[in-house]
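Colleague: My questions will all concern the structure given below.
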Amino acid sequence: MDDYAYGIEVMRDLKKIMMSIRHSSQDHFKDSNLTGPQGMLIGILMHTEKMKISDLSERLCLTNSTVSGIIDRLEKQNIVERVRSDEDRRVVYVKISDEFRSEAKDRFNEMEKNIGSKISKATEEEKEVILNGLKTLEMVLSRKSIE
């Protein structure tokens, strides 16, 4: 298989994996009308008190402007809120609204257990291969081309 065909195969497999994850998360939030990126952002915030947009962008591998747009839409639904830092008023954090946090906690726990349950079917060796493979792919894709 040449490099082009191999690259296509990698992209096809990654797309299948992302679709599987997206479908699984959408099942848990179908009544909330959340998109995949919105659900991922909320998932990150469910594990923290608050985060800066730049930190969320880095974790989601999205631009600050994209994350800001996602936050705007979630803010209109009273799912998240922006709060200014007490130490530096220029710094803005994003946090899950108290109302949504209590409502969504069980759903996120269930979704995480579902994913954990699927991963638990893998042997320790398979888990190691998966993580090493993904880290290797990330490293290869981030290399600067020398042309």
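Computed from the coordinates by the stated procedures, all read-outs in this text should not be read as laboratory data. Everything numeric here is computed off the predicted structure, so don't read it as measured data. Ideal geometry is used to build each Cβ from the backbone, glycine not excepted, and the neighbour counts take in all protein chains shown.
Colleague: Volume per residue, Å³, of the convex hull around the alpha-carbon atoms of the chain?
Modeller: For the chain, the hull spanned by Cα atoms encloses 165 Å³ per residue.
Colleague: Between GLU58 and LYS144, what FRET efficiency comes out of the Förster formula 1/(1 + (r/R0)^6) with R0 = 25 Å and r the beta carbon distance, rounded to 0.05? Please list the in-between numbers first.
Modeller: On the way: r = 19 Å, r/R0 = 0.78.
Given R0 = 25 Å and the Cβ-Cβ separation, E is 0.80.
Colleague: If you don't mind, another one. As a quick test, which of the pairs LYS52/LYS135; LYS121/LYS144; LYS76/LYS121 have an alpha carbon distance above 31 angstrom in this structure?
Modeller: On the way: LYS52/LYS135 25 Å; LYS121/LYS144 36 Å; LYS76/LYS121 39 Å.
Beyond 31 Å: LYS121/LYS144; LYS76/LYS121.
Colleague: Something else: Using Cα springs under 10 Å in a Gaussian network model of the chain, which residue among MET11, MET40, MET111 shows the largest mean-square fluctuation?
Modeller: Fluctuation is largest for MET11.
Colleague: Roughly what angle does helix 64-76 make with the longest principal axis of the chain, taking Cα atoms, 0 to 90 degrees, to the nearest 10?
Modeller: Its long axis makes an angle of about 50 degrees.
Colleague: Then there's this: Most fluctuating residue of GLU110, GLU128, GLU81 in a GNM of the chain with Cα springs under 10 Å: which is it?
Modeller: Judging by the Gaussian network model, the answer is GLU128.
Colleague: Take the alpha-carbon positions of the range 93-147, form their convex hull, and give its projected area averaged over all directions (one quarter of the hull surface) in nm².
Modeller: 7.0
Colleague: Using +1 at the Cβ of each Lys and Arg and -1 at the Cβ of each Asp and Glu in the chain, identify which of THR63, LEU137, MET18 lies farthest towards the dipole's positive end.
Modeller: Farthest towards the positive end: THR63.
Colleague: Hey, another quick one. Which of the trypsin sites (Lys or Arg not before Pro) found in the range 44-147 are loop residues per DSSP with 11 or fewer other Cβ atoms within 10 Å of their Cβ? Walk me through the numbers before you get to the answer.
Modeller: Values: sites: LYS50, LYS52, ARG59, ARG73, LYS76, ARG82, ARG84, ARG89, ARG90, LYS95, ARG101, LYS105, ARG107, LYS113, LYS118, LYS121, LYS127, LYS135, ARG143, LYS144; in loops: LYS50, ARG89, ARG90, LYS121, ARG143, LYS144.
Counting only loop positions with at most 11 other Cβ atoms within 10 Å, the trypsin sites (Lys or Arg not before Pro) in the range 44-147 are ARG89, ARG90, LYS121, ARG143, LYS144.
Colleague: To continue, here is another question. Of the residues GLU49, GLU75, GLU87, which exhibits the maximal mean-square fluctuation in a Gaussian network model of the chain defined by a 10 Å Cα contact cut-off?
Modeller: Of GLU49, GLU75, GLU87, the most mobile in the Gaussian network model is GLU87.
Colleague: About the Cα centre of the chain, how large is the charge dipole given +1 on each Lys and Arg Cβ and -1 on each Asp and Glu Cβ? Please answer in debye to the nearest 20.
Modeller: Taking the Cα centre of the chain as origin, the dipole is about 320 debye.
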